[in-house]
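Taken together, the values in this text are just the output of simple stated rules run on the coordinates, not laboratory data. Being a predicted model, the structure only gives us computed values, none of them experimental. Here Cβ is always computed from backbone atoms with ideal geometry, including for glycine, and neighbour counts include all displayed protein chains.
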Amino acid sequence: MSFIDALHISASGLSAQRVRMNVVSSNLANTGTTQTAEGGPYKRKMVILGASPVNVSFQHALEEQVSRGLCKVRVLGIKNDSRPPLSRYDPGHPDANAEGYVVTPNINLIEEMVDMMSATRNYEANVAAVNATKNMALRALEIGRK
């Protein structure tokens, strides 16, 4: 495995966590959204992550067998949460139905904050891995100077 492979793996982690943080931010921003273009309340979104091989060329595929299949992360998709929306009694709300209930997104603020903290910590870990790789490469270059 080269330093470049290590940087590609860490970069894929940084990119995936950035997408996670953006989706969580969108969920938090839309906790009170009762109307969307599709009709009905905002639906909570979730990021689906998956592993993909680091290398794509034949030579790299052979090297991958030697390195035992290192994988980087990629975003497979963003899907809507299947949980039903919540109904709350608020007869003064403009979107209230005839009985006075408003349909709101089923977004749990605590769950979203935990997801945000997890994405932040994962992002920081990938930054640390990039810095460690950079330091290793610099030290390898210093060996050649002496």
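Potential lengthening of the chain between Met113 and Asn135 amounts to 4.6 nm, from the contour at 0.36 nm per residue minus the alpha-carbon distance. Considering only Cα atoms, the convex hull volume of the chain works out to 138 Å³ per residue. Shape class of segment 1-47 from the Cα gyration tensor (axes a ≥ b ≥ c, square roots of the eigenvalues): prolate, since a/c reaches 1.5 or more and a/b is larger than b/c. Among 123-130, 31-38, the peptide with the highest mean count of other Cβ atoms within 10 Å heads the list, and the full ranking is 123-130, 31-38.
Relative to the longest principal axis of the Cα atoms of the chain, the long axis of helix 109-145 makes an angle of roughly 10 degrees. Roughly how many nanometres apart are two label points built 7 Å out from the Cα toward the Cβ at Glu38 and Ala128? Simple spin-label model gives 3.7 nm for this pair.
Descending by average beta-carbon neighbour count within 10 Å, the peptides 93-101, 112-120 line up as 112-120, 93-101, the highest first.
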